[in-house]
Each structure stands twice: as C-alpha cells, then as structure tokens.
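Worksheet: the structure to be examined is printed underneath.
Please treat every number below as a calculation from the coordinates, not as lab data. The structure displayed is predicted, hence computed values, not measured ones. Glycine also receives a Cβ, built like all others from the backbone with ideal geometry; neighbour counts cover every protein chain displayed.
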C-alpha cells in the first residue's frame, strides 16, 4: 500500500479521536489532566515563565503584537520582490555592503515563509481570544501563551536570519547539509514542542466552558494545532527516510489545512459576534468542519510524483475540496447578511466578510492551476504561484486585519481606536491585493499566449505588468502600517468596552418556530446564551362559536344534529394533561418576586453543579409556594423540562420552558393578578384560562357551564 494512504489514515483517526474527546470530554480524568497541564504550564521552564504577566488577555495580545511585526516585514519584502521582478537591478547598489543578490528566488522564499508566520501569529492570537471568551474569561495560563509566542519568534528569527548569516560568512565543510539539518530541527521539532504547550493551554481553557456548550472557533483551532503537530512529525520522518509522499502530504497539511482551519476559526467568531446573530446553517457548518479535513485544498499545490491510482484519488479530493470552502463562505456571508448594518460598522467583521466573499473566487482559480501542477503538466507557468500569493495577501491579509480590529480590542478591553482609519486599511488591503493579483495574472497569460503561438521571434514583455502590480501592491504596505497604528492606539486607549471575554451571548433574540424540535447543545452552538431572549411561536386560541352550515335537503336526515351538544369535559384529565399549570404558577412567582430565571436557578442549585435534580426542583416548588408535590409528580415535571433527557434540569432548559409557558399563556404583571378579596376577573384574564377552568368558575358563580370558551366568558361576566 502507498505510504501516503497509511499516514493519511493515521492522521484522520487522530483527528477523529481528538474531536470526540474535545466534544464529549474525558470523564473523571478531566480534572486531573487539567491540573497536570496547569502545573506544567505554570512551572516549566522553571523561572522563564515567571517573567511574563498572567493577566487576562496578555497571551492573546502577545501573539497579535508579534504577528503584526512579522506582517510589516512580510508586506515590505513582498513589495521589494514584485519591484525586483520589474527591475532586476534595483538592489545592485547593496552589493557595496556585501549583499550578494540572486535572481530573486531567495527573497521569494523568504517572503513566503514570513507571510505564513505572520498569518499564523495573528490568527492564533485572534482565536485565543474566542477560546478565552468561551471558557473562564481568560486562558488557563496567559503567561505560558506569551512565553510560547516569544520563544517561537526567537526560533524563527534564528532560522531565517542568523543561520544564513553564519553560513554565508563562515567556512564550514558540508555547510549546506548542516544548515538544512538545523533548519529542519528548528522549523519542525522546536516549533512542535512550542505548539504542544499551546495546545495544552487551549484544551485546559476550553475544558472550563459551561456544560453542554460548544465553540466552533475552539474546535477549528484545536484541529489546526493537532494537524500541524502530526504534519511536522510526518515531515521529519519523510525527510529522514527519503519518503517523498509523506513530505508531500505534510506540506499539504501545513500550507493548506492549517491556514484554512485558522481562517474559518476566526471568521466563525468575528462575524456572528458583530452581526449579533447565530450561525445561519448548522448543516453547512458541519459540511465545512468535516469535509475540510477529508479533501485536498487547492492552494499551494505541488507536483505529486506517484502512480496513477494516487493521482486519480488526489484529483477527486482536489475537486471535492471546493465543497467545504463554498459551504463555509456561504454560511458566513448569510450570517453577516442578517445584520449587514452591524457588520459594515465593524471594521473587523467587514474585513472577515470581504475575505469570505473573495475566498470562493480564489478557490476556483487555484483549483485549475493546482490541477495543472498536481498532474505535472505545467501548462500554467507561474499562474499557480501568482494566485497562491494573491490568496494569502488578499484573503489572508483581510483575515489578519480582522484579528487586529476585532480580537485585539476584546483582548485589551478597550474600544477600537479610529474606526475610520481601520476601514480605510481594510479597503486598501482588498483593493491592493486584488488588483496586483489580477495585473500579474494578465502578465502570466501574456507570456503563455506568446509561448503557445510558436513564433520564436516574439518575446513577451511583462515588465509593464509588474510595474503596475508593484504600484497597486503598494496599497498593501500602507494598509498594514495603518492597521499597526490602530493597534497601538487601541492598546493605549482609555475607552473601555463593556465585556472582555464575557460569557454573555452576542445573540440578543432568537426565534423558535412552534412545532420544531431542537436541543440545548444545538442552540448554544448557534450562538444562543443563557441571557438570550427566546421568542416562541405564539399559539392562537380559536375561541370559535356556533356556525350554521347549509346542508342539502337530500343529505339531511334525522340522525344529523346541526348544533351538537358539547361533550362533558373531564376536568381532572384537563388539569393533568401537562405541567403548564405548575409552570404558570412558577412564572407568576418569578414576576411577583422580581427574580430572573438566572437568579432563581442559582438559588435552587444547592450543590452548585450547574444542574438541578428532582429533589432540588421539589424543594424549589415548595419554597416558591407553587406546591408540595410528591416525587413521582416532580419527576414528570422534570421530564417535561429536560430537553436533553439526562435526568436533570440545567439553566437553558428551565429558561426555555418558562419562556414557552409565558409566550403561550401570557405572564401577567403583579398588579394585574386577580384580587382575591373582590374575586373579580377581567375578560383578558378569563381568555387566558383553560376551558376546564372556565367551567369550574362558571359552576362556582352559578351560571351556565356549557358552550364555547367565548360563551363561558360571557356568562361569567354577565354579558
């Protein structure tokens, strides 16, 4: 069997196991594992971690600050590289200080590496903010996160800057082999150790989330880190054993899976947060989450030197890879459209929305060039590289700006400074990256057309296209500089925001259609929180009345009664049809006492477990004067409220049950409650009662106790 199939199966199995335990927990081992992780993060390395602050948000801020620094270096290097394509002699003047410039390939490799570094820093920093908000309002160890960010930058700087300088000026035998070995150790071994510490931090933080709640951002982030760790191991093994298939697969994971997972992780936090709406489609979300890790994304594709079977399977997976990309983009764009005005006012959400709009366009373009590269035909010349770089600087650049403008203010607790400048930065990034990519693609098409013409005397001149591309790309460095200024001003701003990593949901109101079924976990996954107002589809009572229906004489017989008598009502049966009466009394009690559902729940959660059992609910009903019910009746009430059928009631379940009762039967204000002394009921109050209750009142008043609800109300009121 091909080695790539074995390694792919191991990778997918590992992701499946991690996903299962992240979603369902590890049972009784959860607390010991978290304590062990906290011990490692807070004590190792001894003395070094103590140099960093452990205040809320400091770890995320460190990642984003370093990412911004790398981002500036990236765009400046990219501008120089594009300009060098236009004028290869532009940097010759640096030869006097020892700069030996090549054909531009070294600068292109350096730029690609630094771009991926800055992208990783900023998006991980933004995702850490989302994980902290879903957990305990802070990372498990902010100091450890900051330390990992600093050490990662130190290792990258040593690999990208110091190693080339040392080996260029030192006369060392087998210098190239030694340099490659050191580079391999730093890039994959050292970074794997650092990202393992980061993964422990994320898992320890995520384990503090509320019971039954989930975070799409946290799931994508964890999958991205796990994929990066396994792919790094594959790369080292592949290089050591000369296994090109494992190296090829490792590159696909590191250059495609991980960046795309981080993009979606941040977008699923930023866009719903700004739109204040739940994720539009759960089905598209699942397709996005699952298929992304089962296909081969088209970006940064390299040639696969393998047999026909592997190429056929790879081509199919490459084709199917467009499905999760389109599913995620459509889902997020639809979520943003639910509150477009809120998204447009939020620079970070605007940037993420534009990125999701452009992602399918770049995906389609990259698909054709990737298929050409994958099969080894190489008919597209440098178009694949042009589209890939354009994707990173346009879509990736917009997502990095989204992290700066959305996540950084949440991490600092300050409002975003100068939103107008931030919006300008977003539009500059999109305009500069997109126009530069299109211009360079036109140049590539020109070169291809000249080569395909077969005319030897014709030489394609693309220098003009590179000049225009460099001029348009100049907007990208300006955009990053503006974003950096906004980041600095935001960090020093005195205007505070109301929440920093709050557990309060961003969804203010969520509508549930009557007759549909859902679960608490599904609601929480769509952004609904314990303070979200749930609007239940109102059930309209048809008071009805007597209606005479014309019947043909040929159909009429003595057995037909035009006005059938009302069947006797079994009052005991009507009263025992459901828990509505007891829950209505509980709603009235909360209104009269001025308590919220949250306050009431906290007061009856005797063991502070986050859920209440039958005994606790029985005591709550007794203390709230609803009644002293036997255990078997309490069990029926619990079963009616318990949506996830775990035998207990949690806060969202109780909130939904009471909200449904209040919406269906009304929740009178205290001053509207019946005055027992006068025993007078209004027509509105009587209209809210059941027919059996109206019959009972009519009998007490000695009036007619038969007929429709409207007739009973009229009889009771003496109309």
Response to the item:
Cβ density ranking, 10 Å radius, fewest first, applied to 467, 156, 694 yields 467, 156, 694
Item to complete: Sort the following peptides by mean Cβ neighbour count (other Cβ atoms within 10 Å, averaged over residues), highest first: 393-401, 255-263.
Response: 393-401, 255-263
Discussion item. Please rank 54, 599, fewest neighbouring Cβ atoms within 10 Å first, as an exposure proxy.
Written reply: 599, 54
Discussion item. For the pair residue 320/residue 489, report the inter-label distance in nm, with labels modelled 7 Å from Cα in the Cβ direction.
Written reply: 4.9
Discussion item. Can you sort 642, 109 from fewest to most other Cβ atoms within 10 Å of each residue's own Cβ?
Written reply: 109, 642
Worksheet entry | Sorted peptide list for 583-595, 434-446, 269-281, 6-18, criterion being average Cβ within 10 angstrom, highest first | 269-281, 434-446, 583-595, 6-18
Worksheet item: How far apart, in nm, are the 7 Å Cα→Cβ label points at residue 35 and residue 182?
Response: 4.4
Discussion item. Using 0.36 nm times the number of residues separating residue 619 and residue 497, minus their current alpha carbon distance, what extension gain do you get?
Written reply: 39.9 nm
Worksheet item: How large is the convex hull of the Cα atoms of the stretch 311-420 per residue, expressed in Å³ as a whole number?
Response: 109
Practice prompt. Go ahead and run the numbers for FRET between residue 161 and residue 595, Cβ-Cβ distance against an R0 of 51 Å, rounding to 0.05.
Written response: 0.25
Item to complete: With r as the distance between the Cβ atoms of residue 378 and residue 21 and R0 = 51 Å, compute the FRET efficiency 1/(1 + (r/R0)^6) and round to 0.05.
Response: 0.70
